[in-house]
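As structure tokens, the structure follows; a few thoughts come after it.
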Amino acid sequence: MPTDCPRWAPPLFALQFLTRIPVPGLGALSAEQVTIGLGRAVKWFPLVGTLVGAVTAAVFAGAASVWPRAIAVVIALIVEARLTGAFHEDAVADFCDGFGGGRDADHVRAIMKDSRIGSYGALGLVLAVGLRATAIVGLGPGIAVAAVVASATFGRLLAVAAMAAIPPAAAGTGLAKDIGAAIGVRDVATATLLALPGLALFAIARPLALLATIAAAALLLLWFRQLLLRRIGGSTGDCLGFAAYAGQLILLLAVVA
């Protein structure tokens with residue numbers, strides 16, 4: 001069996017990694033092919049984000065035709081959480097617990113690995129999801145769908161950028177440890193191209209909001225890099241998941257402002 005990963009596998013790995021959608025065919029690949037495929041899958045994350053955002057936006061639009069917008073947002077976020085397995089929400093809770101209550105690097109990492117949720121994690125998760133929900137409610141009807149799709153796309157793009165900008169912690173876990181060190185500028189450039197379908201409509205409708213989003217995300221990434229290097233020596237999977245959720249919030253806040 002060839003060791004190189006088939007060209008069709010990386011986007012399917014990205015879909016499998018970021019969602020709970022069943023993906024057939026990947027089980028036949030060797031361990032080496034899986035490792036190669038996961039490394040190449042990262043650039044596809046924004047496009048998977050576009051898919052997730054499209055589902056969330058469609059559910060929101062459909063539910064809003066029946067119920068008040070606030071209820072429609074909650075229903076849409078419930079469907080999204082089922083679709084993604086609350087992947088990034090779990091990372092937000094772990095990150096807030098670890099960096100809120102951790103005394104040193106080892107303690108921060110130990111808390112993030114703990115499956116239990118503490119007060120910092122609970123509060124951080126409630127505030128993050130609440131902020132996202134209220135921002136979507138505050139969107140005008142004409143921009144809501146484009147902004148929800150764009151935010152989901154941009155959040156995954158920011159995670160890829162964070163992976164390239166911040167080296168993995170020596171004792172890190174998950175995607176950051178396994179392939180994070182191999183992600184470079186070319187991967188970010190490809191991910192940006194694959195993000196264009198999800199950002200295009202929003203860019204046309206609100207170009208200034210998109211520029212503000214990019215500027216704010218760049219500042220966040222600089223701060224985030226310093227924080228992670230100082231506190232735990234680099235990034236972990238939970239840190240990247242937090243970055244993805246932060247990217248969504250940045251775009252939504254930019255368009256609501």
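The values are calculated or read from the model by the stated rules, or taken from the named source; none is laboratory data. If you're wondering where the values come from, they're calculated on a predicted model, not measured in any experiment. Note that we place each Cβ from the backbone using ideal geometry, even for glycine, and neighbour counts take in every protein chain shown. Please note that ligands, DNA and RNA were not included when accessible areas were found on the heavy atoms of the full protein model with its side chains. Shrake-Rupley method; radii C 1.70, N 1.55, O 1.52, S 1.80 Å.
Quick check on this structure: which one of D94, D90, D104 is under 20 Å from M163 (Cβ atoms), open to solvent by 50 Å² or more (accessible area, probe 1.4 Å) and of a type in the set (D, E)?
D90
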Practice item. Output the residues belonging to segment 217-238 that are more than 13 Å from A161 (Cβ to Cβ) and either open to solvent by less than 30 Å² (accessible area, probe 1.4 Å) or within 19 Å of the chain's Cα centre (by Cα) (or both). Key: W223, L227, L228, I232, G234, T236, G237, D238
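Which members of segment 85-120 meet the condition of being farther than 23 Å from R20 by Cα, part of a helix (DSSP H, G or I) and not hydrophobic (A, V, I, L, M, F, W, C)? Break it down stepwise before answering.
Of all residues in segment 85-120, those farther than 23 Å from R20 by Cα come to 96-111, 118-120.
Applying the additional criterion that residues be part of a helix (DSSP H, G or I) yields 96-101, 105-111, 119-120.
Correct list: D97, G98, G100, G101, D106, H107, R109, S119, Y120.
Residue under question is A81, and the condition is that it be within 19 Å of the chain's Cα centre (by Cα), open to solvent by 20 Å² or more (accessible area, probe 1.4 Å) and without any contact (Cβ under 8 Å) to a residue 60 or more places away in the chain; does it hold?
Numbers: within 19 Å of the chain's Cα centre (by Cα): yes; open to solvent by 20 Å² or more (accessible area, probe 1.4 Å): yes; without any contact (Cβ under 8 Å) to a residue 60 or more places away in the chain: yes.
Spelling it out, A81 is indeed within 19 Å of the chain's Cα centre (by Cα), open to solvent by 20 Å² or more (accessible area, probe 1.4 Å) and without any contact (Cβ under 8 Å) to a residue 60 or more places away in the chain.
Just checking, does segment 201-208 include any residue being farther than 28 Å from A41 by Cβ and touching a residue at least 60 places away in the same chain (Cβ under 8 Å)? Full working, then the answer.
We begin by selecting, within segment 201-208, every residue farther than 28 Å from A41 by Cβ; these are 204-208.
Going one step further and asking which of them are touching a residue at least 60 places away in the same chain (Cβ under 8 Å), we end up with 205-206.
Yes; the residues of segment 201-208 include at least one that is farther than 28 Å from A41 by Cβ and touching a residue at least 60 places away in the same chain (Cβ under 8 Å).
Given the criterion modelled with pLDDT of 95 or more and either in contact with a strand residue (DSSP E or B) (Cβ under 9 Å, 6 or more places away or on another chain) or over 17 Å from G155 (Cα atoms) (or both), identify the matching residue among F13, F60.
None of the others qualify; the one that does is F60.
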